[in-house]
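Inspection log for the structure reproduced underneath, given as structure tokens.
The values are calculated or read from the model by the stated rules, or taken from the named source; none is laboratory data. As the structure is a prediction and not an experimental result, all values here were calculated from the model. Here the Cβ positions follow ideal geometry from the backbone for every residue, glycine too, while neighbour counts run over all protein chains shown.
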Amino acid sequence: MEDLAPRIAAYLAHRMPAASHVEVSGVSRIPGGASRETYRLTATWKEGGEQKRRPLILRRDPVASLIETERDVEFNAYRAFHPTGLPVPEPLFLETDLKWLDRPFFVMEQIENCQAGSPFNAAPYGPLAEKIGAQFWTHLGRIAAADPAKTGFSSNMEAIAPQDCWKRELDKWEKVIDEDELMPQPVARAAIRWLRRNPPPPQPRVTAVHGDYRTGNFLFDGEGEIRAILDWEMCHLGDPLEDVAWAADPLWAFQQTERPGGMIARDEAFRLWEEASGMKIDPVRLRWWEIFNSLKGLAIWISSGKEYQSGASSDPILAFPSWYCTDVHNRVLAHRLAALSREARA
Amino acid sequence: MKPDVPVVMRGLFGTMLMEIAPNLTAEYSAGSVGIMSMMIFMTADEYDRAADIRAAENAEMRALFGEAVELIGDAALKARLAEAAKGRDASLRISALDKENAALATLLIELQAHAEESSGPHAAGLEARIWDYLVTAAERRKLTFPSLG
């Protein structure tokens, strides 16, 4: 494995001119955030006569990834939400010059002594599920309530009108399927046709959308406090119900539809979200985003399978979801769309 | 091959997950081995059933096309359905079955889109028949996630 420590130390020394004797140790690639290579490390340096130490996370663009995303959008999301009090790591440096680590990367604060729950576990939070679930849905409501312009979240994003959000997302993910499918996808194609025939009712306003807010994408400590909301790589401007539906998607924690993500009851989850966001959940709009999200999931899993099959990457994290998650979302969508078809024809 | 492939696969799953992964010091490598072990577990089932699933799907899609021929007015689509309905699987190799499966699924997508746009007397029944097939096929392909408890 390449020795990144001296190269990272050289970069940090460049970015911290007041620091001397910069050293990096404990560089370890860690799972999570499959769209980028994620490394844990500790930096030490001398500054103002004092010895300093800071644990850091470095996220580097991959050779191939689960999804292709812009690192500056992700970095900016951390920058926008960190000062708001939302548990988000402090972003430190964004670097696009390839001379340092061959690929673009960014560096942020490491949140220590925490863990992430597995989305493939029926009880990912054990006895802490109620406490964590209440925070999880409240934090999501706060993301929806935040003004994207005031926080700076939208500063490097193309503006969009509320009535266009659904179409932009559907177009984007349909294109991914068009380009990456390795076999015909009858269920995905039926979902796309349904989504276009039944556009969602207008949303009141455009909000920040995390894009991958779910079980497994946040860190919590031993007391059940959520300490870091991570993996903003798919964030965008859009309909806040997109995040609500993705957080409640049946894939997480084995299709516990009444206890999404293996946390708290669905009704209570949605009540907390409404309270924190100041918005009401329109069930017709939510249904559209639920079906969309299962389709978006399929697109991601199809795309990751293409990366693996093409030889762009041999990382099993790309092959596994193309088997297992495709299977789940195909079944979820087939049942859902079959019922909607029966209703429409009745 | 003996021991049976599924038996070996499940054995490898256990060894990788319980013996190899915990002894790896590199965190990402340990995670990768965990993922690989789960995929090997899933392959154990797939090895036994893969040809059966594909042959069943191909036969069911051909039967569905045979029924649809009588209900479709579009002459070009009707002709392609009739041709596909007469087909058969010449080989039980997975690659050959997959190739035929893809061709049939492509035609199924076209037929379903056609049925959705149709308000004819048979459209609702045909749409329901297609969804019955798709739900059955999706359930038949369901992968078992290993119990890690």
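Descriptive notes on the structure:
- Looking only at residues in region B:8-51 that are within 12 Å of chain A (Cβ to nearest Cβ) and among the β-branched types (Val, Ile, Thr), the one that is farthest from the chain's Cα centre (by Cα) is B:Thr25.
- Residue that is nearest to A:Cys325 (Cα to Cα) [pool: residues in region A:246-275 that are in contact with a Lys or Arg (Cβ under 9 Å, 6 or more places away or on another chain) and of a type in the set (Lys, Arg)]: A:Arg259
- Any hit, region A:249-260, residues being within 20 Å of the chain's Cα centre (by Cα), at pLDDT 95 or above and among the charged types (D, E, K, R): yes
- Take the conditions (1) touching a residue at least 24 places away in the same chain (Cβ under 8 Å); (2) within 23 Å of A:Arg189 (Cα to Cα); (3) more than 12 Å from chain A (Cβ to nearest Cβ); B:Arg54 misses just one of them, which is (3).
- Region B:90-149, subset among the polar types (S, T, N, Q) and closer than 19 Å to A:Pro184 by Cβ, residue farthest from the chain's Cα centre (by Cα): B:Gln112
- Residue satisfying all of: in region A:90-149; within 14 Å of another protein chain (Cβ to nearest Cβ) and not hydrophobic (A, V, I, L, M, F, W, C); farthest from A:Trp273 (Cα to Cα) among these: A:Gln110
- Set A:Val244, A:Val176: member being under 14 Å from A:Trp288 (Cα atoms) and part of a helix (DSSP H, G or I): A:Val244
- Every residue from region A:81-139 that is within 23 Å of A:Thr215 (Cβ to Cβ), of a type in the set (A, V, I, L, M) and at pLDDT below 95: A:Ala116, A:Ala122, A:Ala123
- Looking only at residues in region B:78-109 that are of a type in the set (A, V, I, L, M) and over 24 Å from A:Glu181 (Cα atoms), the one that is surrounded by the most Cβ atoms within 10 Å (Cβ to Cβ) is B:Ala85.
- Among residues of region A:276-289 being part of a helix (DSSP H, G or I) and either in contact with a Lys or Arg (Cβ under 8 Å, 6 or more places away or on another chain) or among the β-branched types (Val, Ile, Thr) (or both), the one that is surrounded by the most Cβ atoms within 10 Å (Cβ to Cβ) is A:Ser277.
- From the options B:Ala123, B:Ala56, B:Ala137, B:Ala113, residue that is touching a helix residue (DSSP H, G or I) at 6+ places or on another chain (Cβ under 8 Å) and surrounded by 18 or more Cβ atoms within 10 Å (Cβ to Cβ): B:Ala137
- Residue count for region B:1-29 satisfying the condition of being surrounded by fewer than 18 Cβ atoms within 10 Å (Cβ to Cβ), among the small types (Gly, Ala, Ser) and part of a helix (DSSP H, G or I): 3.
- Identity of the residue in region A:105-138, part of a helix (DSSP H, G or I) and in contact with a strand residue (DSSP E or B) (Cβ under 6 Å, 6 or more places away or on another chain), that ends up surrounded by the fewest Cβ atoms within 10 Å (Cβ to Cβ): A:Gln135
- Among the candidates A:Ala334, A:Ala312, A:Ala339, A:Ala346, residue that is at the interface with another protein chain (Cβ under 10 Å from one of its Cβ atoms) and at pLDDT below 95: A:Ala346
- Top-ranked residue in region B:57-69 [being in contact (Cβ under 8 Å) with a residue 24 or more places away in the chain and over 21 Å from the mean Cα position of the chain (by Cα); ranked as nearest to the other protein chains (Cβ to nearest Cβ)]: B:Ala68
- Looking only at region A:183-198, and only at residues there that are surrounded by fewer than 19 Cβ atoms within 10 Å (Cβ to Cβ) and basic (Lys, Arg), the one that is farthest from the other protein chains (Cβ to nearest Cβ): A:Arg196
- The single condition from (1) at pLDDT below 95; (2) in a strand (DSSP E or B); (3) of a type outside the set (Gly, Ala, Ser) that A:Leu237 fails is (1).
- Apart from one condition, A:Ala77 fits all of (1) assigned to a loop (DSSP other than H, G, I, E, B); (2) buried (at least 20 other Cβ atoms within 10 Å of the Cβ); (3) out of contact with any helix residue (DSSP H, G or I) (no Cβ under 7 Å at 6 or more places or on another chain); the exception is (1).
- Within this structure, A:Glu169 passes the test of being acidic (Asp, Glu), surrounded by 14 or more Cβ atoms within 10 Å (Cβ to Cβ), closer than 30 Å to B:Glu116 by Cβ and in contact with a strand residue (DSSP E or B) (Cβ under 7 Å, 6 or more places away or on another chain).
- When we screen A:Trp273, A:Trp246 for residues that are touching a helix residue (DSSP H, G or I) at 6+ places or on another chain (Cβ under 6 Å), modelled with pLDDT of 95 or more and within 21 Å of A:Gln163 (Cα to Cα), the only hit is A:Trp246.
- Residue in region A:295-311 that is surrounded by fewer than 22 Cβ atoms within 10 Å (Cβ to Cβ), part of a loop (DSSP other than H, G, I, E, B) and not basic (Lys, Arg) present: yes
- Any hit, region A:204-214, residues being farther than 20 Å from A:Gln135 by Cβ and over 22 Å from the mean Cα position of the chain (by Cα): yes
- Tally of residues being within 10 Å of another protein chain (Cβ to nearest Cβ) and outside any helix (DSSP H, G or I) across region B:120-143: 3
- A:Asp180, sole failed condition from (1) under 30 Å from B:Asn101 (Cβ atoms); (2) surrounded by fewer than 18 Cβ atoms within 10 Å (Cβ to Cβ); (3) over 20 Å from the mean Cα position of the chain (by Cα): (2)
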